[in-house]
Amino acid sequence: MIRNLGILVGLFFTGVLLYSFLMGAYTYLTEEHVETAEHMFHEHPKSFSQPSDGVFGRFDKAQLQRGYGVYKEVCSACHSLEHVAFRDLQAIGYNEDEVKAIAASFQVPAVDPETGEATTRDGLPADKFPAVYPNDVAARAANNNAVPPDLSLMTKARHNGPAYVYSLLVGYQNPPKKLAEEFPDSMPGTGLHYNPYFPNLNLAMAPPITAEGQVSYADGTKATVDQMSKDVAAFLTWTAEPKMEKRKQTGLAVLAFLLIFTILAYLSYRNIWADKKH
Amino acid sequence: MSFPWASQYNPTHPAMKWIDERLPLPRLVYNAIGAGYPVPRNLNYFWNFGVLAGFALVVQIISGIILAMHYAPNALVAFDSTEHIMRDVNWGWMLRYMHANGASFFFIVIYIHIFRGLYFSSYKAPREMIWLLGMVIYLLAMATAFMGYVLPWGQMSFWGAKVITGLFSAIPLIGPTLQEWLLGGFAPDNAALNRFFSLHYLLPFVIAGVVILHVWALHIPGSSNPTGVEVKQESDTVPFHPYYTAKDGFGLGVYLVIFAAVMFFAPNFLGHADNYIAANPLSTPAHIVPEWYFWPFYAILRAFTFDFFFIEAKLLGVLAMFASILLLFFLPWLDRSPVRSGKYRPLFRPFFWVFVVVVLILGYCGGAPAEEPYVMISQLASAYYFAHFLIILPIISSIERPDPLPASITEAVLGKDGEEAPAAIDTTATTGDAAAQPAE
């Protein structure tokens, strides 16, 4: 009974699926294949490596500080960093006083203790980086109808994130001739900029890092466009996961322990089964 | 129930005797996973995965309880509270990665456990109830994992919740009302998030309860084994402790090494980048995909692209997706072959491996964007999925001529005259009728 019913159900679903397959295959073969601009021109991120990669990866604190400099002087004009607190910056090598000074250079929302009205005050180390715009409407109004995303988690929120950030920053270019010829609708409109590393090719953000020496590096590193892009990608790798170093160090210790445990468990298993063939 | 030769719990310490007379809990443990449970001696490493699944469930429950102490199930702050756990809670990052990857590993383990059952026909009499309870655990685990994925309130959480609850809207007449009732609104929002959190906390304990029933049902006939021949004599078995506690200990070590390697060095490999973007009802992700362990079923859902007479394609997809899981409940009655183990079923074996490949293909297509050629491939693969269980297996079981079975587990392990020759061989089991030995 169950088997007969089962065969009927099976024939039904198999039949419908094969029918759908034939219909789909017919459409696929007869319909003209439409090529999209994104499919033709979108590029995967360039290969990108940084000191924090790999099992033994460690953050390069000097690089993270340079990256913070790029964020502060370039990105922070439009992009917030809402999950990061100023006190977190101690982890990339700033001392307490430096952190206090950095915090004080930002204005954070506050309530006036006399009148109760909304006001601002200097940031404290315990504060998080403040929002750049009061709300999304303001952000859109200021940025050609695009909201600049928060950067705290950017390198985790994109596939192959650090490479994506780096590639996007150095990837601005003039749209290829072929794009204008074949996909005139996909050409950057007013206020948009062509970048093949951006999923739909055109984005509202103007090239942010354009000139050598745009950010002054205190440690003497040459501030080329490439270097600044790398440094800020490294900084955003840290903001996305400040505990990465601790994670990898813990992981090595845990693995070492588990390997010894497993070897001992294997030996006792062999020992216990020595008299039993199986 | 146990075999007559099972060793008996015999407490010597007065305290243990005292406990045993009042609440024989140590006796229960002794008979369940101690020396009092005789287990076939020939179990291979695939038999480790039951214990591993239990372990993975405990890891999820413990890490989950601690995470719930720091998480806030409110749509306004859920995403931020998850990041709070990652950044400011002591070892919070480790707990969250353990819990997120632990879910994936739980599914890896139960998928291997289920495929073990499929190859060795562990679902056949007298073990149907173990299989049915296992399927209940699997369904509960899928519901729990789905709701857990919604809790961080990232983009995939939100849109996954929207798509999956949207499946119910395909039901004729009551569908849209049912979806609103499930979500507590027109779209996933605070009401949905709160009830998902509540159920996500509840269901693992329901799973734990069904696991107890699953293990109880297992102890009635005892464990199956790779030959599929039932235990007949004492030499076929070894006591669970120390033999299988030692083997499971080693298996657990290997499992933990792999788990730790992924959790500490590639914790986001099995996740989706979009879930690190806070939920935004106004921005639809380019490709909405569930977690990887749902991909084969997601591929079946999306394989139905054409209306069939009066039935809408969407409804067909939903019916097929639920049918693809529910049909597993009927497996013990679909496969009537008297031989259990795939080792002795020459016709079944190739179809089984085709099925494994088909499920992997379905998984790949389910994770790929809904465009050609993936849709056509998933249509063919889904057709095979249904045909395998509902047409091929029943037919094979009536036309297949199985290979001869060993007379006993002892003979399979030691050969006909092994050095550990058993004292009393069951004289009814000769090689002649072993090939046709019924599974019932």
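Only the coordinates and a few stated rules stand behind these numbers; no lab work does. Remember, predicted model here, so these are calculated numbers, not experimental data. Positions of Cβ are backbone-derived with ideal geometry, glycine not excepted, and every protein chain shown enters the neighbour counts.
Figures for the structure shown
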quantity: For region A:29-146, diffusion coefficient by Stokes-Einstein and Kirkwood Rh (Cα), 37 °C, 0.692 mPa s, µm²/s; calculated: 182 µm²/s
quantity: Proxy reagent accessibility, fewest Cβ within 10 Å first, across B:V359, A:V34, B:V229; calculated: A:V34, B:V359, B:V229
quantity: Karplus-derived HN-Hα couplings along region A:197-213 (A = 6.51, B = -1.76, C = 1.60, θ = phi - 60°), whole Hz, x at Gly and Pro; calculated: 8, 8, x, 9, 6, 10, 10, 6, 6, 5, x, x, 10, 10, 10, 4, x
quantity: Loop-located chymotrypsin sites (Phe, Trp or Tyr not before Pro) in region B:206-279 whose Cβ has at most 16 other Cβ within 10 Å (DSSP); calculated: B:F269
quantity: Ranked by how many other beta carbons lie within 10 Å on average, peptides B:149-155, B:391-397 from highest; calculated: B:149-155, B:391-397
quantity: Fewest-first ranking of B:H13, B:H241, using other Cβ atoms within 10 Å as the exposure measure; calculated: B:H13, B:H241
quantity: Distance from region A:233-268 to region A:17-75 (C-alpha centre basis), Å; calculated: 27 Å
quantity: Euclidean distance of C-alpha centroids, region A:111-190 and region B:168-200, integer Å; calculated: 33 Å
quantity: For B:384-391, mean number of other protein chain Cβ atoms within 10 Å; calculated: 6
quantity: Compactness relative to 2.2 N^0.38 Å, alpha carbon Rg of region B:298-404; calculated: 1.19
quantity: Centroid-to-centroid separation of region B:205-250 and region B:346-367 [C-alpha atoms, Å]; calculated: 28 Å
quantity: Under Karplus coefficients 6.51, -1.76 and 1.60, residue-wise ³J(HN,Hα) of region B:34-46 in Hz, glycine/proline x; calculated: x, 6, x, 10, x, 10, x, 7, 9, 5, 8, 5, 5
quantity: Cα→Cβ-extended label distance, 7 Å offset, between A:E212 and A:V111, nm; calculated: 5.4 nm
quantity: Average projected area [Cα convex hull, region A:39-86], square nanometres; calculated: 5.9 nm²
quantity: Averaged over B:406-416, number of beta-carbon atoms from partner chains that fall within 10 Å; calculated: 1
quantity: Lys, Arg +1 and Asp, Glu -1 on Cβ, resulting dipole of the protein assembly as shown about Cα centre, debye, nearest 20; calculated: 1740 debye
quantity: Span-rule helices in chain A, defined as complete DSSP H runs reaching 20 Å or more along the axis (Cα) with Kyte mean at least 1.0; calculated: A:2-30
quantity: Where Rh is the Kirkwood radius over Cα pairs, Rg/Rh for chain A; calculated: 1.15
quantity: Interchain or long-range residues, amide H under 5 Å from B:T237's placed H; calculated: B:R41
quantity: Calculated over region B:1-87: convex hull of Cα atoms, volume per residue (Å³); calculated: 201 Å³
quantity: Net charge contributed by nearby residues that have their C-beta within less than 13 Å of B:T165 (K/R +1, D/E -1); calculated: 0
quantity: Scaled radius of gyration (Cα, divided by 2.2 N^0.38 Å) that region B:46-288 gives; calculated: 1.15
quantity: Dipole of the protein assembly as shown, positive end: most advanced residue of B:M142, A:A138, B:V356 [Cβ charges, Cα centre]; calculated: B:V356
quantity: Ranked by how many other beta carbons lie within 10 Å on average, peptides B:200-208, B:56-64, A:149-157 from highest; calculated: A:149-157, B:56-64, B:200-208
quantity: Kirkwood Rh, angstrom, chain B [1 / mean 1/r, Cα pairs]; calculated: 24.2 Å
quantity: Trypsin sites (Lys or Arg not before Pro) within region A:187-269, DSSP loop, no more than 14 other Cβ atoms inside 10 Å; calculated: A:K222
quantity: Selected from A:H42, B:Q179, B:F259, residue furthest toward positive end of dipole (the protein assembly as shown; charges at beta carbon); calculated: B:F259
quantity: Helical segments meeting 27 Å axial Cα length and Kyte-Doolittle 1.0 threshold in chain B (DSSP H); calculated: B:49-68, B:128-150, B:190-219, B:245-265, B:348-367
quantity: Amide hydrogen neighbours beyond the local backbone of A:K46, cut-off 5 Å, H modeled; calculated: A:S167
quantity: Under 5 Å, built H, 5+ apart or other chain: amide partners of A:A110; calculated: A:T119, A:T120, A:R121
quantity: Rounded, prolate or oblate (a/c below 1.5 giving rounded, otherwise prolate when a/b exceeds b/c) for region B:160-294 by Cα gyration tensor; calculated: prolate
quantity: Three-way shape call for region A:52-112 based on the alpha-carbon gyration tensor, with the a/c threshold at 1.5; calculated: prolate
quantity: Residue-averaged beta-carbon neighbours from other chains (10 angstrom radius) around A:264-271; calculated: 5
quantity: Å³ per residue enclosed by the Cα convex hull of the protein assembly as shown; calculated: 225 Å³
quantity: Approximate spin-label separation B:L199-A:Q90, in nm, with each point projected 7 Å along Cα-to-Cβ; calculated: 4.4 nm
quantity: Cut-off 14 Å between beta-carbons: net charge of the residues surrounding A:R247, Lys and Arg +1, Asp and Glu -1; calculated: +4
quantity: For region B:109-217, alpha-carbon Rg and Dmax in angstrom; calculated: 16.8, 47
